[in-house]
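The values are calculated or read from the model by the stated rules, or taken from the named source; none is laboratory data. Predicted model only: the values in this text are computed from it and were never measured. Cβ atoms come from the backbone with ideal geometry, glycine included; neighbour counts cover every protein chain shown.
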């Protein structure tokens, strides 16, 4: 064997050995996580059995993190969902949007208790709406009485631009016309995507930037979230590596999966367009909880929650949940074609981020999801006296 061929062979052998070592290390880490967190693994398997083709949970306690997976991220393949793979995060986008609004309030550019009509005159009007009575805070907390609206690619969508993208103003007008008020401002809680479309318009008006650029420059880049992005209108591609999203149905053990319909991110925009990973989402909510994103005053405003159901509440772009082991967890859920997600964090450093690659419209596994969140947060919880 000549020297040149010998070096090439050594290089190939070295690369193969490195790959084998990496795979062995990953397999060992996965086995350790499964052994150390058997209760969470059981809850994850129960959730995945009622959810999409795959599911994963990424959790930690401030000093260590771990990931468990069940099912597959790609149908007809044995491909566990990983914490560093890109997913569409749906309404977890709302927390990022709320952060920018609160930053603008810190800068004195908007008052949370001012009517939205002061900043966007004539936008929230018609079909029974009066923007002089609905405040910025109402929009952040879903208490303005604005009717619920959920876009669906190809259905229930406003007129698009010639290039297939959607303007925020067109989406807002369509949503307001489609859903009349459900209560007087301040009287009740109604979760409405329209609230955060309007807040996206507010951000664009006050910053002079498209909302995707404002969120990127004010939140994503300063926190150095390398796998998080707010796609520009027209940018439909999901970066690799990615978990594939599906549509489908389950009836007992029978299920059918088809790839999720592609959609333009501008259809969801400031209410649900963002892309991230379980790892990045955990880092974002931890940074928020530890005061690295907003002032203490703004964070307190954001965390002031209105009770929605027993054990759950909603602040300013933050959902709250009371786990069985005590304390309060804060974060947000998200659902968009192909994906359902949830991230929660607690002040003592515990956190959990969950994904399944299917957004179910009927037969939703809400009880299994709640059990998974609770188990992941409480399995290693400090013992109470």
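Structural remarks
- Residue 352 vs. criteria within 30 Å of residue 236 (Cβ to Cβ) and at pLDDT below 95: no
- Residues in the stretch 340-349 that are in contact (Cβ under 8 Å) with a residue 60 or more places away in the chain and surrounded by fewer than 24 Cβ atoms within 10 Å (Cβ to Cβ): 348, 349.
- Pairs, first at negative phi in the stretch 206-220, second part of a loop (DSSP other than H, G, I, E, B), C-beta under 6 Å, six or more apart: 206/109; 212/230; 212/232; 215/230; 216/230; 220/228
- Evaluation of residue 232 against (1) touching a helix residue (DSSP H, G or I) at 6+ places or on another chain (Cβ under 7 Å); (2) buried (at least 22 other Cβ atoms within 10 Å of the Cβ) (one fails), failing number: (2)
- Any hit, the stretch 294-314, residues being over 30 Å from residue 164 (Cβ atoms) and buried (at least 24 other Cβ atoms within 10 Å of the Cβ): no
- Residues satisfying the stated conditions in the stretch 106-121, i.e. in contact (Cβ under 8 Å) with a residue 60 or more places away in the chain and surrounded by fewer than 23 Cβ atoms within 10 Å (Cβ to Cβ): 106, 109, 110, 112, 119, 120
- Residue 159 being loosely packed, with under 15 Cβ neighbours inside 10 Å, modelled with pLDDT under 95 and assigned to a loop (DSSP other than H, G, I, E, B): yes
- Evaluation of residue 33 against the conditions (1) in contact with a strand residue (DSSP E or B) (Cβ under 6 Å, 6 or more places away or on another chain); (2) modelled with pLDDT under 95; (3) not in a helix (DSSP H, G or I) shows that the sole unmet condition is (3).
- Residue in the stretch 186-212 that is farthest from residue 240 (Cα to Cα), counting only those that are in contact with a helix residue (DSSP H, G or I) (Cβ under 8 Å, 6 or more places away or on another chain) and surrounded by fewer than 22 Cβ atoms within 10 Å (Cβ to Cβ): 186
- Condition met for residue 290 (closer than 27 Å to residue 56 by Cα and in contact with a strand residue (DSSP E or B) (Cβ under 7 Å, 6 or more places away or on another chain)): no
- Only one of the numbered conditions (1) in a helix (DSSP H, G or I); (2) assigned by TED's automatic domain parsing to the domain that holds residue 333 is not met by residue 205, and that is (2).
- Residue 376 surrounded by 23 or more Cβ atoms within 10 Å (Cβ to Cβ) and closer than 18 Å to residue 47 by Cβ: yes
- Checklist (1) within 19 Å of the chain's Cα centre (by Cα); (2) part of a loop (DSSP other than H, G, I, E, B); (3) without any contact (Cβ under 8 Å) to a residue 60 or more places away in the chain applied to residue 313, failing item: (2)
- Criterion violated by residue 139 - all others in (1) in contact with a helix residue (DSSP H, G or I) (Cβ under 6 Å, 6 or more places away or on another chain); (2) not in a helix (DSSP H, G or I) satisfied: (2)
- Selected residue (criterion: surrounded by the fewest Cβ atoms within 10 Å (Cβ to Cβ)) from residues of the stretch 132-145 that are under 22 Å from the mean Cα position of the chain (by Cα) and under 20 Å from residue 122 (Cβ atoms): 138
- Residue match in the stretch 355-368 (condition: surrounded by fewer than 23 Cβ atoms within 10 Å (Cβ to Cβ) and over 29 Å from residue 85 (Cβ atoms)): no
- In this entry, residue 296 is excluded by the filter for residues that are touching a residue at least 12 places away in the same chain (Cβ under 8 Å) and outside the structural domain of residue 170 (by TED's automatic domain parsing).
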